[in-house]
Amino acid sequence: MKIFLALLSTLFLGANLNAASLVGQVYNQDTEVGLPNARVHLWFLDWEHDSSGMHHVDFTDSNGAYEFLDLPEGLYTVLAWSFSGFETYSIEELNISGEMTLDIPLTPLPGTGTISGYVYDDVSEAPLENHFLKFIPLDTNNVWHSAWTLSDGSYSVGLSEGDYYVMCFQHSQDTTSHHDRLMDHDSSSCHFRYFEFYDNVQMMELATPIMVTEGETVSGIDFGLPPEDQNLDPSHFSDILNGYYEQYIDFHQQTGLGVIQYIIIEAIEPGDIGDEIGILDSYGTPGLGECGDENQGEVLVGAGVYTGGSMIIPIFGSVEECEESNTQYPGFIEGNQIDIRMWDASEDTVIVLNVEFSFGSPTPDAGGTYDPSIFGNQYTFAIIQSTVAIDPTPSPNEYVVGKNFPNPFNPMTTIQFTIPNTQNVQIAIHDILGNQVRELVNDVFPSGRHSVHWNGTNQIGTHVASGVYFYSVRTPDRYLIGKMLLAK
């Protein structure tokens, strides 16, 4: 009987330890209005006896309300703050027992004002929840800020005095909750497909800056975004990560590993709705394989469909998971040349734009990069300005063989050619003595511009020695030759 009573006592004690709750509202001390998206943290100070409830966090709803249920009773440190320009609130020790209420006033920081507005569907005018905004100061001494829209499409953010560009991103819908997005703040689970600056432009230099003044609110900074059903799945550039896209995303969500970066293409001039953009690494990690596998080749690392205006295309970097599974996942490799290709849907032709792309580095002839702090270290936005946007040329009326690129190269290079009508094309590689090293293609091509790749191997797949090589392009009535240098 004593053993039975002791067991009952333990069970009842455990139930009582987790019977506490804390609810309340976080509000602006000056206006007494609730603050949405404020963060409230609880640290359980008696964690040596119960480490399961050591740390708790919640974000306030649109009215500033928060709640913590089923807490262990005991002493807690309370911390609350907002991303919108308020001082941090803290209580070093709060004894929480039973059902408790704690309303938390936050004091606005001196020298701050507010920008607020709504984000909505441009066609249906329905409010858009969980859309991300960035506030970019013109004064480099000020810091960048961000906000998410609430269920009614509204947002509000406190900022230091100064001028700001406001940028709104449209993301593809997923199953991540609003709370989970806020927990990560700049969650990598959100895939953004479209952006615009205020007021309805895609280029920063055309944006309207918003002046923030201490103690004042600038309202009506609204964004009407195109419907997400315009963001169609690509059909031409569809084999993303060589078919391992779903495995990569599952791996990324389960482990947090992997690299997702975004390329912003600000304009395609000219471009038609339905045209597609493909981002390729000519010498990336092509598929799932064991760590140390040196097989490399062309990988489609991201793609999107042009719907007018700007495009945001997520691209995926190769990652090694060697300690757990001895597996490397496909994707681009930092520092490699990235090919940006456009498929002209009406002409069924592919046009190539070549850029160098690496983490945090500007692309040649482009406008540079956004600060990586937009999304923490996992994201960098490379800007392809309209001045180097993909520019389809008229239907070709002559034969053209472009210079290979890069040149010199190691080990991958690309050869471009243009033909005026549908015909057979043979492209081969020759050594300095004229011996054929490898036949790259021998097939019928439609009129237009095309490209082929050579990875520095001969006909049986063996890497050839460094030196001078020639490529020949033969058609029924033309024979054109170019010179290149393989440098190892």
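For the pair THR457 and ASP272, a Förster radius of 56 Å applied to the C-beta separation gives a FRET efficiency near 0.90, rounded to the nearest 0.05. As a calculated quantity, the FRET efficiency between ASN95 and SER151 at R0 = 45 Å, using C-beta atoms, amounts to about 0.85.
Taking amide H positions as modeled 1.01 Å from N, with prolines and chain starts lacking one, the residues under 5 Å from ASP222 and 5 or more places away or on another chain are TYR118.
Can you give the net charge of the other residues whose Cβ lies under 12 Å from the Cβ of ASP139, counting K and R as +1 and D and E as -1? Charge balance in the 12 Å sphere: -2. Around the amide H of PHE332, modelled in the peptide plane, lie the amide H atoms of PHE316, GLY317, SER318, all under 5 Å away and 5 or more residues distant in sequence or on another chain.
Once the Cβ-Cβ distance between TYR479 and CYS322 is put in as r, and R0 is 56 Å, what FRET efficiency do you end up with, to the nearest 0.05? Could the numbers behind the result be given before it?
Numbers: r = 49 Å, r/R0 = 0.87.
For R0 = 56 Å, the calculated efficiency reads 0.70.
Scanning residues 5 or more positions from TYR76 or on other chains, those with amide H under 5 Å from its amide H are LEU45, LEU94, ASN95, ILE96, with H placed 1.01 Å from N in the peptide plane.
Cβ-to-Cβ counts within 10 Å put TRP81, TRP43, TRP148 in ascending order as TRP43, TRP81, TRP148, the fewest first.
Here, each number is a calculation from the coordinates, and none is a lab measurement. Everything quoted here is computed from the prediction, not taken from an experiment. Because the Cβ atoms are built from the backbone with ideal geometry, glycine has one as well, and the counts that use them run over all protein chains shown.
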